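Working notes, beginning with the structure itself.
Just so it is clear, none of the values below were taken in a lab; they were calculated from the coordinates. In this text, all values refer to a predicted model and were calculated from it rather than measured experimentally. Here the Cβ is made from the backbone with ideal geometry for all residues, glycine too, and neighbour counts use every protein chain on show.
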Amino acid sequence: MRRLVFLGLILSCFVSGGVAAQLESKTKPDVPLEKWTGKTIMLIGAHADDDAISHGTLAMFQAHGNQVYVVTLTTGNVGTQDPKLSRTQLAEIRRTEELAALAELGIPGSHYINLGYDDGLLEFEDRKAVVENLVRLIRKMRPDVLMAWDPGKNYQRWHKSDHRAAAYLAADAARAAMWRLLFEGQITQEGLKEFMIPEYLFYNDYDFADENVWVDISEYVEKTVNAGAKYTSQFGPGWKEYKANPSEAEVKEMKDMMRKWIRMKDGKPIEGFRYYSGLPDGLGK
Ligand SMILES: [Zn+2]
């Protein structure tokens, strides 16, 4: 018994040491992103293709032995200019395209999770229910890293509707997941445990002022281009008139567009993020 008490004391010291380390917030990773391996990385986005901003980085994480999961909040069942498509058809198309894009990056289809909310209306959903669903996923998967739309740093960042909702929902879920008494039923009834996500990579699509880490995606440009070209209903000619099987010329047009969208820094193709580690409470500071 005494040995057990002693062991308990040692363990509690380790745990408090770990928590103390986690309390310290950082804006630079201890290990460069290129060296990350063995991590579980969860990306939360609003639409199938929100992850496209980070495809080179996701391909690198996957190639380096990390487990990448993509969580999409809506089915993407609204965003088209094709008058012939129904919501149901569009949702199915978006799922097929997302799985095809992830396959190009080496990410298995079982790592794509869609929570099924309606496109364009995310901020009008029951926020508590959405956060609860995300908290459940976080507590199940226990990600080392959360990637999400940047909710802002010392201010509220403007994104278009679903993106700003997704930014806040992801941040709120990260915060709620660590509190044992929030959504307690998940713990008392579902066998889950509270969990604090230690590291964050926030992405943006137009304002890159807060970026503090950049990934050289030179080795992953082709995968990024090929994955991006799978979103036939979102980019290129399929936006106005969807085609399941675009022509060779149309695929080339999409690939050229993807290549043009890749950002360059110091002569290298890059993707950039705002890195943060520490308590979720501080992720906007
Ligand atoms: Zn989007």
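Structure notes:
- Three principal axis extents describe the C-alpha atoms of segment 183-285; from largest down they are 55, 40, 24 Å.
- Estimated FRET transfer efficiency when R0 is 22 angstrom, pair T37-K285 (beta carbons, to 0.05): 0.15
- Electrostatic dipole magnitude of segment 160-236 [Cβ: Lys, Arg +1; Asp, Glu -1; Cα centre; debye, to 20]: 280
- Within the listed set M196, M141, M258, the Gaussian network model of the chain (springs between alpha-carbon atoms below 10 Å) gives the highest mean-square fluctuation for M141.
- Size of electric dipole in the chain: Cβ of Lys, Arg +1 and of Asp, Glu -1, about Cα centre, debye, nearest 20: 780
- Only Cα sites of the chain enter the Debye sum here, all with the same form factor; the resulting log10 I(q)/I(0) across q = 0.09 1/Å is -0.45, listed in q order.
- Using a simple spin-label model with pseudo-atoms 7 Å out from Cα toward Cβ, N245 and I113 lie 3.6 nm apart.
- Charge dipole of the chain about the Cα centre (unit charges at C-beta), most positive-ward option of I107, V225, G65: G65
- P(r) tail fraction, segment 25-123 - alpha-carbon pairs more than 19 Å apart, %: 46
- When +1 charges are put on Lys and Arg Cβ atoms and -1 charges on Asp and Glu Cβ atoms, the dipole computed for segment 49-98 relative to its Cα centre reaches about 140 debye.
- Listed cross-link partners K140/K265; K160/K230; K153/K223 are compared with a 29 Å cut-off, the Cα-Cα value being larger for K140/K265; K153/K223.
- Per residue, the convex hull spanned by the Cα atoms of segment 219-276 measures out at 108 cubic angstrom.
- Computed from label points 7 Å out along Cα-Cβ, the spacing between Q156 and S25 is 1.9 nm.
- Within segment 55-109, all pairs of alpha-carbon atoms sorted by distance into 10 Å bins from zero give the percentages 23, 41, 25, 9, 0.
- Unit charges at the beta carbon, dipole of the chain: most positive-side option, V31, A249, F202: V31
- Using just its DSSP H runs of length 4 or more, each adding -39500 (n - 2.57), the chain gives a mean residue ellipticity at 222 nm of -12000 deg cm²/dmol after division by all residues.
- The spread of Cα positions in segment 23-70, taken along each principal axis and listed from longest to shortest, comes to 33, 24, 15 Å.
- Springs between Cα atoms under 10 Å define the GNM used for the chain, and in it the highest mean-square fluctuation of L169, L137, L201 occurs at L137.
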